[in-house]
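Throughout, read-outs are computed from the coordinates displayed, never taken from laboratory work. Owing to the predicted nature of the structure, the values given are computational and were not obtained by experimental measurement. Virtual Cβ from ideal backbone geometry, glycine too; neighbours counted across all protein chains shown.
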Number of protein chains: 2
Amino acid sequence: MEDLYPSRYSSEPEIVKRKDPVIHADRSKDHESPLSTEQLDFYEQNGFLQIENFFSEQEVSEMQKAIFELQNSNQDSESDMIIREPEGNEIRSIFKVHDSDEYFKKVANDQRILDIVNHLLGSEVYIHQSRINYKPGFTGKEFDWHSDFETWHVEDGMPRMRAVSLSIALSDNYTFNGPLMLVPGSQNYYVKCVGETPEDNYKESLKRQKLGVPDQESMRWLADQGGISVPTGKAGAITLFESNTMHGSNGNITPYPRNNMFMVYNSVENQLVEPFSGNQARPDFIAERNPKLKVNK
Amino acid sequence: MEDLYPSRYSSEPEIVKRKDPVIHADRSKDHESPLSTEQLDFYEQNGFLQIENFFSEQEVSEMQKAIFELQNSNQDSESDMIIREPEGNEIRSIFKVHDSDEYFKKVANDQRILDIVNHLLGSEVYIHQSRINYKPGFTGKEFDWHSDFETWHVEDGMPRMRAVSLSIALSDNYTFNGPLMLVPGSQNYYVKCVGETPEDNYKESLKRQKLGVPDQESMRWLADQGGISVPTGKAGAITLFESNTMHGSNGNITPYPRNNMFMVYNSVENQLVEPFSGNQARPDFIAERNPKLKVNK
């Protein structure tokens, strides 16, 4: 298959234009979407959309309880699905919760969510990846700028930009507790990163992105074009963002943690092929390769 | 001299009430202050005050030019007054600029500033410390929560809470580029930190505060009481904050640097004595011990 988005092959970065639509359903079908035209416009223009109070207070407190039960029960686990802080033993992420846990499977298959992502991707979808992220107070570490798509393309073999990430805020997000930062408009540009992908890069990169990080000049250009947006708000909000939208987060010295559940929906018409880098494919818990869990409209 | 604010002597933290007024001039003399009653109320209640557009655009661009000239001319300096990033050689701070540099001496003695700080401290003042802080884009590091007074008291021998810090924003401050975060109301509580002060702690602590950092429980208590304030705005704004106001800053992965000039004005009636910890006194460029530069009304 032709590599439409080559990256990490040169010592010089380059910015190229996106070759895929941002919203894959025809815009003449806006009325079939659970999102309003204004919301669709916002998503198309900015590459992300926050919806506040998406989950009720009761749903939020159930989810908050469930993520800590899961964290506690995995405290001594040696599973590859558990990612810990670079320095220390604290659990930072638990992967594949849509598959390993009945409760989170239900959340990931919430019909309200599926109706939205089916429309954005213009097809049926499956879950490419899911995880719980725990960003503790006082010691939460930064996460460098990156396009998820760049990683998924190069390391997982995702052919096209036809996936959407969804983050469910399970803590209140303030500007000061290391919230998600997004660069509006960046979904329209693909930054070819420098360097090569070493084997097993996924183990390191989930802790701290190194390869697949845009160069400073490209990053400055993107931010000067679109600015930096920081969706804040109460737990229970969701943020949808396009697979190629540049994002990252600062560290968090405040006492307030920032936890979320994170799912990636990929179009069934965009299933993974061999990684474009010549890499070995990453394990299934990171990138669902032969999806058993089909999610239908 | 009796130690009114002991710290770092126990393995248990403790919070005690402030024993000094926040505004040292009598509040019946508000009308003599260049600050409005509302501004004085805000400062007294919150422990800080931001004043936007304090310096004109022309003054700001002069200062911006001057700090980079100073940084360039000190690139290879081995002076103790130059503090570099923990990992790397980049200059993070240059100390005692009010004394070593004619231009910054003029800025530090700006009559508009002196009129304010003389009033807040209810006396004539001198400059306890000054520095330029360079917080670069992409790689700016966090600075842990601390009360300046705790350090100045324990390590420099500042007897009472009768000093005020002033930061001149020389970059635009956004919520996302590692801005100063302050805990409103924290000036009214003194957190006795745990541990002992090792010799020469100042060399390490200017890079990364370790001793003199409040315990997490106290910090959470302060933040739950008062919240966290993040003054943002254009370069040229000043932020005054009381010596004991708890503050810190997150790291900065954005392309936008955060530079400022920082001065500490101390009351001439609050001059340094022997450090209360049994420490050796820190060098004069950090804590002005026998101030030559008297600053008069």
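With neighbours defined as other Cβ atoms within 10 Å of a residue's Cβ, the residues A:M219, B:M81, A:M63, A:M161 order from fewest to most as B:M81, A:M63, A:M219, A:M161. Take each residue in B:135-145, count the other chain C-beta atoms within 10 Å of its C-beta, and the mean is 3. Across the stretch B:148-162, computed HN-Hα scalar couplings (Karplus, 6.51 cos²θ - 1.76 cosθ + 1.60, θ = phi - 60°) run 4, 4, 4, 5, 5, 5, 6, 9, 10, x, 7, x, 10, 7, 8 Hz from first to last residue, x flagging Gly and Pro. Other residues with beta-carbon under 14 Å from the beta-carbon of B:M246 carry, at +1 per Lys or Arg and -1 per Asp or Glu, a net charge of -4. Across the stretch B:25-152, C-alpha contacts under 8 Å between residues 6 or more apart give a mean separation that, scaled by the residue count, equals a relative contact order of 24 percent.
Once backbone amide H atoms are built at 1.01 Å from N, A:S10 has A:G195 as its partners under 5 Å, excluding neighbours fewer than 5 places away on the same chain. Put simply, the amide H of B:L272, placed in the peptide plane, has no neighbours under 5 Å, leaving out anything fewer than 5 places away on its chain.
Across the stretch A:14-270, the mean sequence separation of Cα contacts (distance under 8 Å, 6 or more residues apart), normalised by length, yields a relative contact order of 35 percent.
Using a Förster distance of 35 Å, how high is the FRET efficiency between A:Y9 and B:E38, based on the Cβ-Cβ distance and rounded to 0.05? List each step's numbers first, then the result.
Numbers: r = 60 Å, r/R0 = 1.72.
Result of the calculation: an efficiency of 0.05.
Phi angles of the stretch B:102-116 translate, via the Karplus equation with coefficients 6.51, -1.76, 1.60 and θ = phi - 60°, into HN-Hα couplings of 4, 5, 6, 4, 5, 4, 5, 9, 3, 5, 4, 5, 4, 4, 6 Hz per residue; Gly and Pro are given as x. Among B:L180, B:L240, B:L70, the largest mean-square fluctuation in a Gaussian network model of chain B (Cα springs under 10 Å) belongs to B:L70. Simple point charges give the picture: +1 on the Cβ of Lys and Arg, -1 on the Cβ of Asp and Glu, and for the protein assembly as shown a dipole about the Cα centre of about 240 debye. Taken residue by residue and averaged, Cβ atoms of other chains lying within 10 Å of the Cβ of A:224-236 number 1. Taking Cβ atoms as reference points and 14 Å as the exclusive limit, the residues near B:Q75 contribute a net charge of -3, counting Lys and Arg as +1 and Asp and Glu as -1. Placing +1 on the Cβ of every Lys and Arg and -1 on the Cβ of every Asp and Glu, with nothing else charged, gives the stretch B:14-270 a dipole about its Cα centre of roughly 300 debye. List the residues, sorted by chain then number, that are 5 or more residues from A:R18 or on another chain and whose placed amide H is less than 5 Å from its amide H. For A:R18, whose amide H was placed from the backbone, the distant partners under 5 Å are A:Y189, A:Y190. Peptides B:45-53, A:30-38 ranked from most to least packed by the mean count of surrounding Cβ atoms within 10 Å: B:45-53, A:30-38. Sequence-ordered 3J(HN,Hα) estimates for the stretch A:51-68 from the Karplus curve with 6.51, -1.76 and 1.60 and θ = phi - 60° stand at 10, 7, 6, 5, 9, 6, 4, 5, 4, 4, 6, 4, 5, 4, 5, 5, 5, 7 Hz, glycine and proline given as x. Each label was represented as a point 7 Å from its Cα along the Cα-to-Cβ direction; for A:E217 and A:S61 these points are 5.5 nm apart.
Here the spin labels are modelled as points 7 Å beyond Cα on the Cα-Cβ line, and at A:N109 and B:D115 they lie 7.1 nm apart. Dipole of the stretch B:14-270 computed with +1 at Lys/Arg Cβ and -1 at Asp/Glu Cβ about the Cα centre; of B:N53, B:S165, B:S73, farthest Cα towards the positive end is B:N53.
Other residues lying with their Cβ under 15 Å from the Cβ of A:E38 contribute a combined charge of -3, Lys and Arg counting +1, Asp and Glu -1.
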